Amino acid sequence: MIAILQLVFFCLMGIISFQVFTAVYEEEVYNESANTLNISSTVLDEELRKVEQISFQIATDPVIQNYMEGINSEYIGYDVYRTKVFLMERLNAYYSQERYISSIQIEDTFAEYYIVGNEPIRHLVDQGWKEEMKAGKGANVWMPLSDQGVLVSTREMRKSNDLSLAFLGSVFITLDMKEFISDTLNLSDEKSFVMMKDQEIILSQNFPEGADPLIEDLSEGSYQVKKWNESEYFLTYQQSRHSDLSYVNILPFDNVSSKTSLLNKLMVASFIVFLVIILLISRKLARTISKPLEELTQKMKQVEVGNVKPMIEENMTHSSDEIGQLHTNFVSMIGRMNTLIDENYSKQLVIKETEYRALQAQINPHFLYNTLDSINWLAKMNKQQDISSIAESLGNMMRTIISKKEPLITLEEELTIVHHYMVIQSYRYKSRLTFSMEQSDHLKSLQIPKLTIQPIVENAIQHSLEEVIGECQIHIYFKVSGEHLYITVKDNGVGMSQETIESIYAGTVKPKRSGIGLTNIMERLRIMFGEPFGIQIESKVGVGTTVTVKIPSVGE
């Protein structure tokens, strides 16, 4: 009877509290919607201000203004061509500042566009745009392309170094609005969000199709409840404090009232039901379900954080019901997972070790060293200094590679291999090959897997220098961030497409000739250090390739 009286008391208190909570909840829904919209608009305004700042920096950049003067003064010519190339390089530096910028475009006085990115808009720029830009007198003007989900920051470029403000061209920065909203806001699926300019929808998120009448005649600083398609919606409106854009937050009003009414009915019904059965099943429920489930949950949490070691069941017995079977099957599954992981890992190690030993067995080191020494001295006797240097470098390179049995060597030893390799290649390619390397005296004692940098340099030469006519520039630099070492090899070769990069990641691209490919290096690094480590490839066709190796920063 005491338990029943306590249950009745707390249920009555719950019902009263629920009624108060419902009233407060409905009021808070109104405030929350307005606050959310205010925060969202503030965030969006700040990001749009960043874009305007980038546009202003481009329009007032002295270097870009000089380029535009040169381009506008003469339409064709070699100097103009070089200036256009330099202009594109300058624009690329601004293009990479924000991920949601899909393109940066400049129009000169000859109506020619210089575009970096993938959203050309030259066919969309009409006289209305130019009149608004002219009226802005060099200030930023936002222009929407709602059918393409694009917002464009536009402004005229005026000459500033002599204060003449002569017209030099126009700057256009296009924003991918889906990417822009994804990067700046985290909207729930229940809410609808609309961005407008002059009552024209630029972007909508979860907005009902054909519900344009909902956003008509809205006023700032108040809420409105409108009915459309037999449903009511709660709307809040916010004008941008920084531009002529406006934002609308839309929440289905039916959900608010219906959910609170349904919850009220469910609470009363639940009270009646629980009043009858709670005392009969509570203790048995806790004893037979709660405790075993908590134990199973703890085991699952251990697996979730990566602890898949065999779980030792000491003095633990489980019932034969469904929960007991879950315990038994879960432990059995973890044991099987560990067995498969250990078997697969052991097999991979045996395969790699066998392949490595087979490669070493193909070369008789002492015979190779003696032969190269003989070639070296014979070349010196005949005053063939180039042949002598090549033979000496090859001997030193092979001696360093073969004599080191450990899988890890110091960065200094790896760079020695690279040095000897580049000496050989410099005699082959002479002035066509330019190689530079950042000073790394403070990093020379760090440990890295053997033959990590040299194969990447070799691939750069094969793909960059052998396939084109011209000078190949290869640069190596290093960076230590926290507990990670980053080694970057950059070239100015022919580059590669994104499809080729994905094929390398997938391991479907075979190395040229008999060398060590990037896929092989990735696999070795992952086996040795784990999944987070490996290589990252950034490339652009016709520009070049950058390969970055990420490994733990480990000393001797």
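The values are calculated or read from the model by the stated rules, or taken from the named source; none is laboratory data. Predicted model, so just to flag it, every value in this text is computed and none were measured. Here the Cβ positions follow ideal geometry from the backbone for every residue, glycine too, while neighbour counts run over all protein chains shown. Each accessible area value is taken on the protein alone, full model and side chains, heavy atoms only, with ligands, DNA and RNA left out. Shrake-Rupley method; radii C 1.70, N 1.55, O 1.52, S 1.80 Å.
Summary of computed values
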{"item": "At R0 = 51 Å, FRET efficiency that the Cβ-Cβ distance of VAL225 and ASN329 yields, to 0.05", "result": "0.45"}
{"item": "Cross-link pairs beyond the 22 Å C-alpha cut-off, checked among LYS84/LYS490; LYS178/LYS540; LYS444/LYS479; LYS134/LYS159; LYS430/LYS540; LYS134/LYS178", "result": "LYS84/LYS490; LYS178/LYS540; LYS430/LYS540; LYS134/LYS178"}
{"item": "Portion, in percent, of the accessible area of the stretch 62-136 that falls on carbon or sulfur, probe 1.4 Å", "result": "50"}
{"item": "Full-stretch length increase - ALA135, ILE39 - with 0.36 nm per residue and alpha-carbon distance subtracted", "result": "31.5 nm"}
{"item": "Packing-based order for 152-160, 546-554, 479-487, using average beta carbon neighbours within 10 Å, highest first", "result": "152-160, 546-554, 479-487"}
{"item": "Positive minus negative residues near TYR427 (Lys, Arg vs Asp, Glu; Cβ under 13 Å)", "result": "+1"}
{"item": "P(r) of the stretch 80-135 over all Cα-Cα pairs, binned every 5 Å from zero, in whole percent", "result": "4, 17, 24, 23, 19, 13, 1"}
{"item": "Among 233-242, 413-422, the order from most to least packed when residues are scored by Cβ within 10 Å on average", "result": "413-422, 233-242"}
